[in-house]
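Let me begin by presenting the structure, written as structure tokens, before commenting on it.
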Amino acid sequence: MAIHATLAPNFMETTQHLTNNLIPENKNLEVLKAHFGHCFDKQGNFLMEKFQVELQAGEVNFSKESYGLDWLGRSYARLLASDAATTLLKEDVAFNQKPENAHSQNLLLKGDNLEILKHLSHAYHEKVKMIYIDPPYNTGGDGFVYQDDRKFTVTELQRLAGVSEEKAKRILDFTMSKSNSHSAWLTFMYPRLYIAKQLLKDDGVIFVSIDDNEVAQLRLLMDEVFGEENFVAEICHKSRASVSNDKIISPNHNFILLYAKVYYETHKTRSQFGLEPDVDGFNKSDENGEYKLVPVDGPGGAKKGNPHYTFEGVTGYWRFSESTMREKFNEGLIVKVGKSLQQKYYKSAAEKSRKTTTTWWDQKFYTSEATKKLSNLLQSGVFETPKPVELILKMLTLSTSVDDLILDFFAGSGTTGDAVMQLNAEDGGRRKFILAQLPEKIDPDKSKASYDFVKNELGVEEPTIFEITKERLIRAANKLREERPVEVAGQDLGFKVFETMPLWEDYHHKAETLEEDTPAPFRGDLLGVDDLQALFITWKTYDGSPLTEEAVDCDLGGYVGKYVNGKLYLMDKGFTTDHLVALLQKVDADPEFNPRSVIVFESNFQSKNLLELAESLKNFQNQKSLEIDFIMRF
């Protein structure tokens with residue numbers, strides 16, 4: 001039940017049905033509401049006609065005629081991109097507590113990558129500098145089929161996706177038919193790319209490997225998700241040296257599509273990726289060296305699609321999002337000069353020039369060579385088509401700096417993580433990686449070597465591809481420690497493992513009143529320690545705390561709460577008045593303990609304790625001039 005108290009002016013009490021409503025982050029609507037709030041009605045509906053007037057429709061062409069990509073399942077794919085996650089996140093505690101992993105900032109995530117992306121979308125929003133993925137190519141022989149365990153009725157899909165009954169039936173038929181058509185592949189890819197875009201920083205980029213089967217469809221899909229104006233290059237990568245004599249033309253290449261998150265016209269040069277030295281005009285200096293001031297865009301920015309807002313009293317069309325502007329301003333990298341904002345551009349960065357690259361990558365990035373190297377590392381031929389480390393190294397060198405975060409949500413054999421560790425060893429970098437891999441079962445008839453390796457050597461009863469990914473990262477790190485001990489001293493060569501787990505079968509919204517046909521309320525008080533820990537990890541990640549950020553256990557007179565990033569989570573049963581007193585005393589006496597939110601798992605609290613906690617926090621806030629939100633979740 002919800003507790004309603006007389007609230008202090010700055011005291012907020014909220015009841016959240018969050019656990020089965022974990023929606024991926026998308027700030028597009030927030031931007032519209034912030035700048036065009038008058039274009040929404042009382043119910044929150046967007047008023048397109050009013051918006052068109054605001055944009056002066058005489059200057060903006062709102063013609064319905066357009067060029068784009070359409071396919072059966074498009075409306076369903078858009079629904080999947082915003083649909084709530086159906087899983088929780090749990091930690092591999094034993095593995096993560098090993099000395100090499102305990103403080104690591106690297107992640108290996110096990111599960112469906114669409115679910116994983118949804119879980120990452122809050123804590124890692126606009127934090128990733130580079131994404132590389134090598135998705136299924138849909139060749140007919142790579143095992144790709146569309147499989148979806150989400151269950152919608154025809155009526156539900158009609159309502160949620162806004163399609164006709166006939167189209168809803170066709171969509172549901174193909175989602176349940178294990179199709180590998182172009183439509184099935186596009187439906188699979190769209191929501192993953194859509195959420196991935198939200199994770200990229202303003203200056204972030206995405207590389208996608210593909211072959212002839214889907215490159216045409218992928219190019220149009222990327223244009224739709226990232227914007228045609230953000231296309232950078234279609235790279236042709238020579239992937240094999242041998243020739244298939246049974247074919248008229250023997251293909252020996254793959255493609256890599258490169259898109260930027262925001263690719264401004266003024267930056268379509270080599271300097272965007274640090275390729276062109278520019279050493280003129282560096283007439284100022286500070287403790288970081290010589291620099292010059294360059295505008296953070298300004299006049300003309302509207303035509304380039306730059307964000308428009310007021311920052312530090314200056315209104316304009318800015319190169320960066322407001323959050324990035326604030327970050328750079330606080331770091332002193334953007335300064336206010338008169339009535340303008342200028343960015344510091346350092347000579348040392350400009351002098352780190354690199355050779356121009358082309359769209360033809362014909363170095364020996366052969367799949368056959370990568371297979372040999374991986375076989376040597378694992379002492380077994382367990383993976384047939386790994387990507388070469390050298391190929392990923394080239395992408396990393398081209399697009400990342402020493403502190404950047406790299407994401408690969410089709411991790412495969414783990415090449416991207418291996419490459420990140422190798423590049424850090426070479427240049428002393430502190431790059432971090434997040435890899436995601438589906439625990440795809442290995443068929444012993446089709447991949448006997450892989451199956452035997454995982455089952456016999458690694459001792460895993462049900463062999464999956466994920467175990468190969470994990471073992472490759474462990475052995476790659478050990479190899480660096482053995483061969484380059486000086487270079488990797490102090491380097492982060494570990495990683496933490498988390499995996500998705502399904503929501504409990506009988507979980508549903510807790511009913512305020514029970515009707516005759518309503519199931520009994522979910523008994524959250526029956527959850528075990530591991531279940532509560534998974535619930536906590538999921539919640540704190542949703543609240544913006546990275547998976548690698550550890551919570552502090554707070555002893556509240558014998559009751560243990562979890563404190564992280566200004567949020568106190570009270571998850572366990574048994575909270576009493578004595579524990580409440582200890583909580584208030586700790587807030588009052590401990591300057592390091594300053595919770596801005598107190599979040600409780602409502603199912604584990606008695607109503608009288610919830611009311612007492614809400615009232616006490618309200619009164620305490622009045623006395624101490626604090627701002628504390630009280631949030632009840634179930």
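Read-outs throughout are calculated quantities, based only on the coordinates presented, and are distinct from any laboratory measurement. Given the structure is predicted, the values throughout are model-derived calculations rather than measurements. All Cβ positions, even for glycine, are placed from backbone atoms using ideal geometry, and neighbour counts span all protein chains on display.
Applying 1/(1 + (r/R0)^6) with r as the Cβ-Cβ distance of Asp445 and Ser375 and R0 = 25 angstrom yields a FRET efficiency of 0.75. Considering only beta bridges that DSSP places wholly inside the chain, some 55 percent are antiparallel. Contact order, relative form, for the chain: 21 percent (alpha carbon pairs under 8 Å, 6 or more residues apart, mean separation divided by residue count). With a Förster radius of 60 Å, plug the Cβ-Cβ distance of Val552 and Asn252 into 1/(1 + (r/R0)^6) and report the FRET value to the nearest 0.05. After rounding, the FRET efficiency stands at 0.65.
The trypsin sites (Lys or Arg not before Pro) of the range 574-634 that DSSP puts in a loop, and whose beta carbon has at most 14 other beta carbons within 10 Å, are Arg596. Loop-located trypsin sites (Lys or Arg not before Pro) in the range 305-343 (DSSP state other than H, G, I, E, B) with a sparse environment of at most 11 neighbouring Cβ atoms within 10 Å: Lys339.
The candidate values were [x] 1.35; [y] 1.04; [z] 1.21; the one computed from these coordinates for Cα Rg over 2.2 N^0.38 Å carries the label [y]. Remind me, relative contact order of the range 533-634 in percent, using alpha carbon pairs under 8 angstrom and six or more residues apart? Result for the range 533-634 is 23 percent. Shape class for the range 580-634, computed from the alpha carbon gyration tensor (a ≥ b ≥ c): prolate, with a/c not under 1.5 and a/b above b/c. Think of the chain as a dipole: +1 on every Lys or Arg Cβ, -1 on every Asp or Glu Cβ, centred on the Cα centre; then among Asn330, Gly566, Thr397, Thr397 lies furthest on the positive end.
Compute the distance from the alpha-carbon center of the range 372-426 to that of the range 610-634, in whole Å. Between the Cα centre of the range 372-426 and that of the range 610-634, the gap is 49 Å. Label-to-label distance for Glu228 and Lys98 is 5.0 nm, based on points extended 7 Å past Cα in the beta-carbon direction. Taking a straight Cα-Cα cut-off under 26 Å and skipping sequence neighbours fewer than 8 places away in the same chain, the lysines within cross-link reach of Lys33 are Lys42, Lys50, Lys64, Lys118, Lys127, Lys197, Lys201, Lys261, Lys303, Lys304, Lys328, Lys540.
Evaluated with a Cβ-only charge set (Lys, Arg +1; Asp, Glu -1), the chain carries a dipole of roughly 1480 debye about its Cα centre, given to the nearest 20. The local environment of Ser104, defined by Cβ-Cβ distances under 10 Å, has a net charge of +1 under the rule Lys, Arg +1 and Asp, Glu -1. The distance from the alpha carbon centre of the range 544-582 to that of the range 437-456 is 42 Å, rounded to a whole number. Approximating the spin labels as points 7 Å out from Cα along Cα→Cβ, the Asn45-to-Thr153 distance works out to 2.4 nm. A Förster distance of 41 Å, applied to the separation of the beta-carbon atoms of Thr315 and Asn619, puts the FRET efficiency at 0.45. Gain on full extension, evaluated as 0.36 nm per residue between Glu30 and Glu462 minus their Cα-Cα distance, stands at 151.1 nm. Near Lys261: Cβ cut-off under 9 Å, other residues only, Lys/Arg at +1 and Asp/Glu at -1. The net charge is -1.
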